[in-house]
Each structure stands twice: as structure tokens, then as C-alpha cells.
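Data first, discussion second: the structure below is written as C-alpha cells.
We did not get these values from a lab; they are worked out from the coordinates using the rules stated. As the structure is a prediction and not an experimental result, all values here were calculated from the model. As a convention, Cβ positions derive from the backbone with ideal geometry for all residues, glycine included, and neighbour counts pool all protein chains shown.
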Amino acid sequence: MRTYSLSIAFTLTTAVTTGLPLAVQAATFNYDQLQLITTRPIESNTFLSFTGTQTAFFNSDRNAPDSGHLEISLNSPKNPAPYYATGLQSSPLATGETRSASLDGVNNFTNFFNYLTDNNIDFNDIGFGYGQKSDRALTETWNLGDDLLGQDWFASPDSTIEERIYQADPNAVESFLTFGDTKFINFGYSPFYAIFDVGETIETEDDIDIFFTEKLRAEKVSSSNSLIDGLANAFLQDVNENGGGVQFFIEDLGVETSVPMFDPNTGFVVVDFPLPLNIRAVSVPEPGSIFGLLTIGSLGLSSILKKAKSH
């Protein structure tokens, strides 16, 4: 039975591959059911899979604005929703880690996979991290903002689904890839979209947790080390050959419960839980296409205004 559900949608069962084609898990959730989140996952058979640990936390003072709302959806455990989300390396607890997860699978990232192989680089040498930057406060990580129903989250006692949108100041947070302890790719900013369907029973077996971002740009971190520079170039080559952007995506079935811990140093309730993540290569609109759409929209509006004025 579910006792405390704190998996804020960053959980996914991933398969370790060796660069050979692997079909992406078929969708098990009907996104037409959503009331708040309008962004959608983009299917892709070109992705990297990671497994690791991340952290959710919230203020233990139930009167504090960052204590997290209480779950209200049908069959939910009615626990406080985690207000903050961050990676293991940015946890309120002093972990000493420099990453949140390690690479465990490569699917159709051909140039990247070949570069790893040719240079005898182990999958485990490649890491992923996200959270508030090292010079920022814990509370500047991704969070539920005003934590308002209908704005930052949506749920109903008549539905098993809860939606949450975790956001942050883009200048205060980061997500990245590392080789060892060295960053070689930075990703752009996006809110984190979290969906929880707790199913038709109070058991965890029929739960579905989903997490995804908007389409992101990837940028190389300049390095004087030729090996790291080549690693970044190989990653970006695969991204550019498969649409030019990336999207983080997780879908997890039968979500397990987590045990919360109280941190007396910060007053936060902290929960660590698995972070299996897929980074998908996806298509992004060309700048010219975006400008064209904006131009067409402006011309159409101008025409409507002229017609209205003439009457």
C-alpha cells in the first residue's frame, strides 16, 4: 500500500543498450485528460538513458508557503506535495556528489556511442545533473511557485490525476552533462511538467508517474581538453542530425513509495528517490519558421483590424 508518494515524476524503468535500435515504450497515458498542462512529449527513438538519484523537499512547517499543498486527487495518499525539486548534487543534504545520474544506455546516438567506444570511455563516466546553481540558495531550484490550484497544479477529488508545473528563474538553475566531474554540455531552461495518475486503487501497482520538459537547446561548454571537446561535438552532431533539440522524458509504472527525512539544519523534509531519465533528440522549429509564423499572424491581425475599422 502507498504510504508516502514523493516520486515527482522523475522515475522510469530504462533498458541498458549498446547503441542498437530499441523501441520506445508505448504511451500508456491519455494526455487528452489533462486540464492544466498543454505541452506534450515528443516521441523519439534517439535517446540516452540515465539512472541515479534526485531529491524532493518541502518546508516542515505546514504554515509556510513552501510546505506543499495536500494531495486531493481520488485514491491519492493525501500527503504534502513536494514543493522543491533538485538533483542529488544540489540536495539540501551534503552529499558531496557532482551529478544526479550516470549514463546506462545509448540508443541511436551513433556518433556519441562511437566516440565513447573509440576512446574507451565507460558509460558510467558520463553524468547528468540538474538543480540550482552552486552560488544560489536551495530555494531557487525548480518549485511550485505560488502553489495555487489551477495555476501551479491541478487536481480534483473526482479524478485520479494530478498535474504539477515546477518552475524557476532560468538564471538560477541549470541542467548539464558531465565527463567525470567536468561539464561538457549545458541545456536550456524549461519548466518541469509532472503528471501523477494514482490509478483505480490505493495500491502502487496501477500508478503512473510522468515527467517531461519543453524542447531544449543543447550548448557545448568550451574546453581546452580535446577529448572532452570531441565528446561534446559528437553529442551535438547526433542532436543536430535528429532535429536539433532535446527533451527530457520519463514514464514510470507501479511507482514505489519513499521514506521522508527531516533535516534539522534547514527545516526541510527531504526525500531521495530514483532518477532514471531519457534525454531524447527531437525536432525544434527553425528560427526562420518561427519568424514566418509570427509574420503571418501579424499580417492576419492587421487585416482583421483594417476590416473592422472600415465598417
Subject >> Summed side-chain charge close to S44 - residues other than S44 whose Cβ falls under 14 Å, Lys, Arg +1, Asp, Glu -1 >> reply: -1
Original post:
By a straight-distance test (C-alpha under 13 Å), which aspartates and glutamates pair with K78 as possible cross-link partners, with residues fewer than eight away in the same chain excluded?
Top reply: E162
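Taking only C-alpha pairs under 8 Å that are 6+ residues apart, what is the relative contact order of region 106-221 in percent? Before the final figure, lay out the partial values.
Working: 193 pairs, mean separation 25.1, N = 116.
That works out to 22 percent.
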**OP:** Report the label-to-label distance for M261 and L149 in nanometres (one decimal), using points 7 Å from each Cα along the Cα→Cβ vector.
**Re:** 3.4 nm
Original post:
If you count, for each residue, the other Cβ atoms within 10 Å and average over each peptide, how do 152-165, 58-71 line up from highest to lowest?
Top reply: 152-165, 58-71
**OP:** Excluding S226 itself, calculate the net charge of residues whose Cβ lies under 14 Å from the Cβ of S226, where each Lys or Arg counts +1 and each Asp or Glu counts -1.
**Re:** -1
**OP:** Treat each spin label as a single point 7 Å out from the Cα along the C-beta direction, and report the E219 to K133 distance in nm.
**Re:** 1.0 nm
